[in-house]
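Here is the structure we will look at.
Read the figures in this text as sums done on the coordinates, not as results from a lab. Every value quoted in this text rests on a predicted model; they were computed, and no experiment measured them. Note that each Cβ is placed from the backbone with ideal geometry, even for glycine, and that neighbours are counted across all protein chains shown.
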Amino acid sequence: MSETMALATPPYPAPLRHKAGLLRRFVIGWGSWIHTLFEKSYRMKMGTVRFPLLRFFVINDLALVQDVLEEKRCPWPKHGLMTELLRPLMGQSVFSANGAQWQAQRAMINPAFAHAGLGRAFPAMRAAADAMAEQLHRAAMQGPVDMERAMTAVTADVIFRTLFSQPLAPAQADAVFAAFARYQRHVQPYAMLRLYRLPLLGRRRRMARAAADIRALFAPLVDARIMARGALDQMPAPGDILDALLDARHPHTGAPFAPDDLLDQLATLFLAGHETSASALAWASYLVACDPALQDDLAEAIAQVSGKAALAPEHLKALPMLRHLFQETLRLYPPVSFLMREVTQAQVMRGKAMRPGDLVVVSPWLIQRNADHWPCPHAFDPVRFARPESSTAAREAWLPFGKGPRVCIGQGFAMQEAVIVLATLLRHFRLAPAPGPAPEPVSRLTLRARRGIPLVLSPRHGLEQA
Ligand code: HEM
């Protein structure tokens, strides 16, 4: 395997030599957070960044990270700025709510989420991955394929099937991709204008329009399901997440979700459930495209494990290297690169005085690229996840899904989905980077590539299932 070869360093923005001043940070931060980082950001235990509106404390020290994310000493709610950035898309849902409201929502969603139990979700994931392969065979004949778009289509299809028991049409998936890209384009300047206390220049309206385009997908499906449940008492319910959300009751009041709240939760599960996975899968396909030896080893392992049979749950267990590829991708390109929390009590951390309202940033991007935890931190080395000496780092300094009570509800779902999608992709195609510049990661709400991730896909005859 590629273990003995020199390790490749996939693209990331060259850190600035020194911390940028207010004006420079505004200009650079307009397009992407990670471009404002400077060399010391990748080494320091804790740093401070001042904006006219807010002070940010960036915490990389693992003991402090645990203190914040585990909330053992005091509450560390999601910061109001983050809630504001997400509100048009998700309302006040389980991703952004705090305190008792969040607790009740999570309690109502947890059983709904058991409906996405991994065994149960498997067929939906496999069907979406097979549909992806079919579409990609057609698309690949036209030239390089943008993997960001392709991975959005398949992950949106997976979550749609799990939520609503029906596939998402490719045209709908494209519309979601375009609307979310518009949202991302406006949200980053919005955040900068807010932080600098400047007029928002219509950004809020444009974000609301993009969000409405995405949310419009759901209302007709909910209405149709409610009617069907009323009319067809005798018919078995599909038993998907929508059914479970309709049956969910508030732990104290016994009330169901109000119609708007239900839409907020559906939009949240849809967006959190596909945008992040799409980003990581697009980077994973790029990383493997740049390592032909690894790619051939993986394709051979998939063929050995499953032959030409349809993928089954037991095949996934026998493909640890595919899992390590995805873990390493999430280390290098965490889709949620910054977690934001609010200081609720005045306190001192590493000699820095914090006041209520200050913003604390825990950054998977920085922690997972810190040389104190990871040797050759910017290099692509999936095998590191197989080495016993990485186990402490993998436990403590690998947090693409967050940690503590607010840890991602879909972690197991995402890992299973990734292995199915990557196995299907590698079974059908040999991947190579398209000619032209390497993709450039930019981080806004999620981490994406500035101009997409184009790959050349050549059919691998003989390995795809019969
Ligand atoms: C590679 C894929 C994924 C990544 C990297 C990811 C990452 C994250 C992270 C970092 C958080 C915590 C944010 C914070 O602490 O501020 C989170 C929360 C969440 N994620 Fe994921 N996620 C992924 C896939 C999914 C999937 C597939 C679903 C649903 C099907 C999902 C649903 C959620 C929800 C509902 C929350 C909010 C949990 C709460 O606050 O109680 N995510 N995710």
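Near VAL58, the amide H atoms lying under 5 Å from its own belong to GLY47, THR48, VAL49, VAL361; only residues 5 or more places off or on other chains count, and H is placed 1.01 Å from N. Seen from PRO75, the other residues with C-beta closer than 13 Å to its C-beta sum to a net charge of +1, counting Lys and Arg as +1 and Asp and Glu as -1. Straightening the chain between GLU389 and ARG24 buys 127.4 nm, computed as 0.36 nm per residue apart minus the Cα-Cα spacing. Secondary-structure-derived ellipticity at 222 nm for the chain, considering helices only, amounts to -16500 deg cm²/dmol, per-run term -39500 (n - 2.57) for DSSP H runs with n ≥ 4.
Annotation for ASP247 and GLN142: the two label points, set 7 Å from Cα along the Cα-Cβ direction, are 4.2 nm apart. Ordering HIS250, TRP33, ALA280 by Cα displacement along the dipole of the chain toward the positive end leaves TRP33 in first place; charges were set at the Cβ atoms of Lys, Arg (+1) and Asp, Glu (-1).
In terms of packing, defined here as the mean over residues of other Cβ atoms within 10 angstrom, the peptides 55-67, 431-443 line up highest first as 55-67, 431-443. Backbone amide hydrogens, once placed in the peptide plane, bring VAL442 within less than 5 Å of ARG448, ALA449, ARG450, excluding anything fewer than 5 places away on its chain.
Across all directions, the average flat footprint of the convex hull enclosing the Cα atoms of the stretch 1-111 is 11.6 nm².
Note on the stretch 48-198: Rg/Rh from C-alpha atoms, Kirkwood Rh, equals 1.05. Each Lys or Arg adds one and each Asp or Glu takes one away; over the other residues whose Cβ falls under 11 Å from the Cβ of TYR12, this sums to 0. A Förster distance of 35 Å, applied to the separation of the beta-carbon atoms of GLN66 and ARG451, puts the FRET efficiency at 0.40. Taking θ as phi - 60° and the Karplus parameters 6.51, -1.76 and 1.60, the scalar couplings of the stretch 60-75 work out to 10, 5, 5, 5, 6, 4, 5, 4, 6, 6, 7, 6, 6, 8, 7, x Hz in sequence order, x denoting glycine and proline.
Placing a pseudo-label 7 Å from each Cα along the Cα-to-Cβ vector at GLN347 and ALA181 gives an inter-label distance of 4.2 nm. In terms of surrounding Cβ atoms within a 10 Å radius of their Cβ, GLU342, GLU417, GLU71 rank from fewest to most as GLU71, GLU342, GLU417.
Phi-derived couplings, Karplus 6.51 cos²θ - 1.76 cosθ + 1.60 at θ = phi - 60°, listed residue by residue for the stretch 181-192: 4, 5, 4, 4, 5, 8, 5, 5, x, 4, 4, 5 Hz, with x used for Gly and Pro. The orientation-averaged shadow of the Cα convex hull for the chain, equal to a quarter of the hull surface, comes to 22.9 nm². Phi angles across the stretch 358-373 convert, under the Karplus curve 6.51 cos²θ - 1.76 cosθ + 1.60 with θ = phi - 60°, into 3J(HN,Hα) values of 4, 10, 9, 10, 10, 10, x, 4, 6, 5, 7, 10, 9, 5, 5, 9 Hz, Gly and Pro given as x. Here's how it looks for ASP358: its modeled amide H is under 5 Å from those of VAL343, which are all 5 or more places away or on a different chain.
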